[in-house]
Each structure stands twice: as structure tokens, then as C-alpha cells.
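Structure first, then comments.
All of the numbers you see were taken from the coordinates with simple rules; none came from a lab. What you see is a predicted model; the values in this text were computed from it and never measured. Here the Cβ positions follow ideal geometry from the backbone for every residue, glycine too, while neighbour counts run over all protein chains shown.
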Amino acid sequence: MVCARNSRSAYLGKDWDYQCGLVPFFDMLNHCNDANQANTELLSFGMFLDRINLNDDSNVGLDRKDLLLVLNKDVEEGNELLTQYATDIDDEETQLKLWIQYGIPPP
């Protein structure tokens, strides 16, 4: 999915009906091409609950649509937060998406 209407937008997932939106701070993370280096992920609270197989969110106080920036591995103090916007950066459609959505020009 390309969020062509909103430059620097983020894909919000199923809890947002697969829409895109502007997420402050998320677009300031550095991009990495290697999935092994990426240490953050943008998830809705609902996606997070689904991932950990938790159905009872009544004591948490968050809505399923609330967005979380989640660390997916330990990050030592002073290291940068990295995300991976796309996996197949050699694909022309992906390059166009990266350029329109995140401002990353094709090679």
C-alpha cells in the first residue's frame, strides 16, 4: 500500500482499517535496509495485543487504535533507533513508495 496522499505518512494497519496517517516522531527514525538492524516497529495497541495473544485489555487504559513505538530488541544507551520501511528496495514500486511516502529517493 502506498500512502500517496500524505508524504512522510505511516501505514497504520488493520485497527485503522488499513489507512495511513502522520505519526509524529516516527518519521524521524533512521531507516535501515537490513531487517536484522531494525530495532523498532510501529504497532497499534490492538496489533500488539494480538501479537502477544492477550484478549483482555480492560485494565490497560489504551484503545486498540492507540499507536505504540515498540522496541523489538535491546538497544544500548547512545545507539540510534532504526526502522525498516521496506524489505525489497530493488523493486521499482517499492522505490516509488519510499520516495513518495518517506522522502527517500531511488538509488
Can you pull the one-decimal nm distance between simple spin-label points at Asp34 and Arg64, each 7 Å off the Cα toward Cβ?
3.8 nm
Once a ≥ b ≥ c are taken as the square roots of the eigenvalues of the Cα gyration tensor of region 10-102, is the result rounded (a/c under 1.5), prolate (a/b larger than b/c) or oblate (a/b not larger than b/c)?
oblate
